[in-house]
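Trainee: Just dropping this structure here.
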């Protein structure tokens, strides 16, 4: 009698899956290493922060694509998830920029009083 709960084992013993996992590991390790290199060698500033934000977004997209299998989904689902995320990021940047201008106005107001 055949076992109804038997699992399918790939002909290559799962070598293709292990190859993808190791590739993902090395890519994320290299990106993280570059982040550490930048953190300890670059001076504080807008360029450093921009590089960190960019690399973090790249790592996040790669992790979501690989581990949450989003890169294997249909394009409409990808866009349905991606567009709101981009809009939220835009909102956060706009709020930080506008929020910074409030502090400048407070300083100007104190100067005139």
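Trainee: Stretched out fully, how many nm does the piece from residue 39 to residue 64 gain, at 0.36 nm a residue minus the Cα gap?
Mentor: Once the chain is fully extended between residue 39 and residue 64, it gains 6.6 nm.
Trainee: So for 78, 30, fewest C-beta neighbours within 10 Å to most, what's the order?
Mentor: Sorted ascending by nearby Cβ count, the order is 30, 78.
Trainee: Starting from the 7 Å offset along Cα-to-Cβ, what nm value, one decimal, do you get for the label separation of residue 49 and residue 17?
Mentor: Modelled inter-label distance: 4.3 nm.
None of the figures in this text is laboratory data; all of them are computed from the coordinates on show. Keep in mind it's a predicted model, so treat the numbers as computed, not measured. In this analysis, Cβ positions are derived from the backbone assuming ideal geometry, glycine residues included, and neighbour counts consider all displayed protein chains.
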